[in-house]
1. For Asp78, which of the numbered conditions (1) part of a helix (DSSP H, G or I); (2) touching a residue at least 40 places away in the same chain (Cβ under 8 Å) fails to hold?
2. Look at Arg180 and say whether it is surrounded by fewer than 10 Cβ atoms within 10 Å (Cβ to Cβ) and modelled with pLDDT under 75.
3. Can you spot a residue in the range 56-72 that is open to solvent by less than 70 Å² (accessible area, probe 1.4 Å), touching a residue at least 60 places away in the same chain (Cβ under 8 Å) and polar (S, T, N, Q)?
4. Could you check, for the range 45-55, whether at least one of its residues is surrounded by 15 or more Cβ atoms within 10 Å (Cβ to Cβ) and assigned to a strand (DSSP E or B)?
5. Of the residues in the range 19-41, how many are in contact (Cβ under 8 Å) with a residue 24 or more places away in the chain and surrounded by 15 or more Cβ atoms within 10 Å (Cβ to Cβ)?
6. For the range 133-170: of the residues being in a helix (DSSP H, G or I) and basic (Lys, Arg), which is least open to solvent (accessible area, probe 1.4 Å)?
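The values are calculated or read from the model by the stated rules, or taken from the named source; none is laboratory data. As the structure is a prediction and not an experimental result, all values here were calculated from the model. Every residue, glycine among them, receives a Cβ derived from its backbone with ideal geometry; neighbour counts consider all protein chains shown. Heads up: the accessible areas ignore ligands, DNA and RNA and are worked out on the full protein's heavy atoms, side chains in. Shrake-Rupley method; radii C 1.70, N 1.55, O 1.52, S 1.80 Å.
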Amino acid sequence: MELAYYSDLAVRLVNSEEPSRGTDTLTSVEAVRALFGESQQAARRTTDADVTRLRSVRARLRAVFEAAAGGDEVLAVDLLNALLIEFPVSPQISGHETRDEDGRPDWHMHIADYAANAGAGYAATASMGLAFHLTELGADRLGICEASPCRNAYLDTSTNRSRRYCSDRCATRANVAAYRARKRLDAERSAAARSRRQDHGPTGLTADTAQETSPAMDR
């Protein structure tokens, strides 16, 4: 469904913080306005209070992604429903700004919010978009990057539901780390095998055992 594209707002908000790295970019009015992207009209309403509001919503949205990524769909839905109740929206038909090839309005669904502040409006739109994404594509499409220490949220749109990382960069880093780990393990196994051969000698016996079992020399 078209409204699922609003779910990118949820990803954008969650990934404004990287807890494992101790970074947080959501620290100013300008940072909040940047989250809105092309929705400049909504962004203009932003105040300092919206920084605190959206930080709270961010933690709750991350909990939704973590529950879904952990396989607890019921918890993910419960957490998301709580956000939908707290931050309601009004779906509307829109099309006045776009036209089809015959010049007629290109009617489509649009999420309109009537929140009292920009933070609540952002939370409402992001939560509804994420809800559409979850119900249309499945809770397992909400993921948390497996590349340590990233842990960014992402939406899996792959055809075979195989995505595990938030970006190509993280996928490459994880693959390189896995390759190096395999090489280290191979090297350790080879070193252990060489050590065993040296201890047992060419006949498979230890040096002490070989001396004990050899014929006595004539005196």
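1. Among (1) part of a helix (DSSP H, G or I); (2) touching a residue at least 40 places away in the same chain (Cβ under 8 Å), the lone unmet condition for Asp78 is (2).
2. Working: surrounded by fewer than 10 Cβ atoms within 10 Å (Cβ to Cβ): no; modelled with pLDDT under 75: yes.
For Arg180, the condition - surrounded by fewer than 10 Cβ atoms within 10 Å (Cβ to Cβ) and modelled with pLDDT under 75 - is not met.
3. The answer is no; no qualifying residue exists.
4. No; the residues of the range 45-55 include none that is surrounded by 15 or more Cβ atoms within 10 Å (Cβ to Cβ) and assigned to a strand (DSSP E or B).
5. Of the residues in the range 19-41, 4 are in contact (Cβ under 8 Å) with a residue 24 or more places away in the chain and surrounded by 15 or more Cβ atoms within 10 Å (Cβ to Cβ).
6. Of everything passing the filter in the range 133-170, Arg141 is least open to solvent (accessible area, probe 1.4 Å).
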